[in-house]
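I have placed the structure first, in the form of structure tokens, so that the comments after it can refer back to it.
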Amino acid sequence: MSKLYLVPDRKDMERMCSLAAEHGCAFEYNDFFIPKILDDVKEQERITADYRKHRESFAGDTMHGAFLDVTIHSDDPLIRNISTLRVRQSMEIAQGMGLKGVVFHTGRLAGFRSPEYLRNWRDRNMAFFAEIADQYPAQQIYMENMFDEAPDILAGLAEKMRDVKNFGVCLDYAHAMLSKCPGREWIETLAPYIRHIHINDNDLQNDLHLAVGAGKLDWQEFDRLIRQYRVEAPVLVEVKGVEAQKESLQYMKRYGIYPMGKEGEDRDASAI
């Protein structure tokens, strides 16, 4: 099973596939969260066919599900209904492609800590995603922190859903580092539930999706904490374009950033 994922660029698939093969990477598709694509089955088929020219199987790959304005917990039934529709559309695409898993966002109002709101968010997401997990048992469901101010609410949902085998947390470390909550608290709190990880770099102020090592995030601390809390989850290098991906992978290899070993260690690509 791959420990590294890349976001593929359909316009540069030969180089993408070469880079993925060199480092033993799978792909995480970012084409299918866009509303107009979710509503256009022919476009979905065209995109999938483009990828299939370079991919014999999608079995180890993942995708980013719908997240724009998706609020499963909304008190407005119209908003809730379209949100559930978008999630189901995402899952249908993943099932049709035979993907390993789908990433969704928490969709919370960051900083809004009303007990009633937080309880409603947890309970509605728990009921809905437990049903989705049961209906799509071949796909993993990963709930990603977006601009959440702390990990406790997501951890509370994950704990409630601990017995749902195909549900877990996607830790987006770059998003976490935009909060005032330290990295140690994020990883320590979510460690029992992390099944997938997203990484990229930023200036600690904005969600920039820079190459790993090109911003201000402390990647040695990330590596130390992930290993200390024994997190074993694949990592998506969530940057666009082959050059930024190469830069990220080279940096990770040079400094031994999880899940890589340090440069010069006797490890082949299949062990990455």
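Filter the stretch 101-134 down to the residues that are under 17 Å from the mean Cα position of the chain (by Cα) and either within 17 Å of residue 146 (Cα to Cα) or in contact (Cβ under 8 Å) with a residue 60 or more places away in the chain (or both) and list them by number. Hits for the stretch 101-134 are 101, 102, 103, 104, 105, 106, 107, 108. Among the residues in the stretch 3-10, are any in a helix (DSSP H, G or I) and in contact (Cβ under 8 Å) with a residue 24 or more places away in the chain? Within the stretch 3-10, one or more residues are in a helix (DSSP H, G or I) and in contact (Cβ under 8 Å) with a residue 24 or more places away in the chain. When residues in the stretch 203-240 are screened for being in a loop (DSSP other than H, G, I, E, B) and open to solvent by less than 20 Å² (accessible area, probe 1.4 Å), 8 of them pass.
Of all residues in the stretch 24-39, those being more than 19 Å from the chain's Cα centre (by Cα) and open to solvent by 30 Å² or more (accessible area, probe 1.4 Å) number 2. Is there a residue being open to solvent by 10 Å² or more (accessible area, probe 1.4 Å) and free of Cβ contacts under 8 Å to residues at least 24 places away in the same chain anywhere in the stretch 172-187? Scanning the stretch 172-187, I find at least one residue that is open to solvent by 10 Å² or more (accessible area, probe 1.4 Å) and free of Cβ contacts under 8 Å to residues at least 24 places away in the same chain, so the answer is yes.
Restricting the stretch 85-101 to residues that are open to solvent by 30 Å² or more (accessible area, probe 1.4 Å) and assigned to a helix (DSSP H, G or I), the residue that is farthest from residue 157 (Cα to Cα) is 96. Scanning the stretch 194-231 for residues that are touching an Asp or Glu at 6+ places or on another chain (Cβ under 7 Å), under 30 Å from residue 163 (Cβ atoms) and of a type in the set (A, V, I, L, M) turns up just one, 199.
Taken over the stretch 102-159, the criterion of being open to solvent by 40 Å² or more (accessible area, probe 1.4 Å) and on the phi > 0 side of the Ramachandran plot is satisfied by 111 alone.
Can you pull out every residue in the stretch 40-68 that is open to solvent by 10 Å² or more (accessible area, probe 1.4 Å), touching a residue at least 40 places away in the same chain (Cβ under 8 Å), part of a loop (DSSP other than H, G, I, E, B) and closer than 25 Å to residue 105 by Cβ?
Matches in the stretch 40-68: 59, 60, 67.
Residues satisfying the criterion are absent from the stretch 183-196 (criterion: assigned to a loop (DSSP other than H, G, I, E, B) and more than 17 Å from the chain's Cα centre (by Cα)).
If you check residue 257 against the conditions, is it out of contact with any strand residue (DSSP E or B) (no Cβ under 8 Å at 6 or more places or on another chain) and crowded, with 16+ Cβ neighbours inside 10 Å? Even if it seems obvious, please write down each step before you answer.
Numbers: out of contact with any strand residue (DSSP E or B) (no Cβ under 8 Å at 6 or more places or on another chain): yes; crowded, with 16+ Cβ neighbours inside 10 Å: yes.
It is true that residue 257 is out of contact with any strand residue (DSSP E or B) (no Cβ under 8 Å at 6 or more places or on another chain) and crowded, with 16+ Cβ neighbours inside 10 Å.
Quick one: would you say residue 162 is in a helix (DSSP H, G or I) and open to solvent by 70 Å² or more (accessible area, probe 1.4 Å)? No: the conditions fail for residue 162.
Looking at residue 29, is it in contact with a Lys or Arg (Cβ under 8 Å, 6 or more places away or on another chain) and not hydrophobic (A, V, I, L, M, F, W, C)? Write out each step before concluding.
Details: in contact with a Lys or Arg (Cβ under 8 Å, 6 or more places away or on another chain): no; not hydrophobic (A, V, I, L, M, F, W, C): yes.
No; evaluated as a whole, the condition is false for this residue.
The values are calculated or read from the model by the stated rules, or taken from the named source; none is laboratory data. From a predicted model like this one, the values you see are computed outputs, not experimental measurements. Heads up, the Cβs are rebuilt from the backbone with ideal geometry, glycines too, and the neighbour counts pull from every protein chain shown. Protein only, heavy atoms only, side chains kept; ligands, DNA and RNA dropped before computing areas. Shrake-Rupley method; radii C 1.70, N 1.55, O 1.52, S 1.80 Å.
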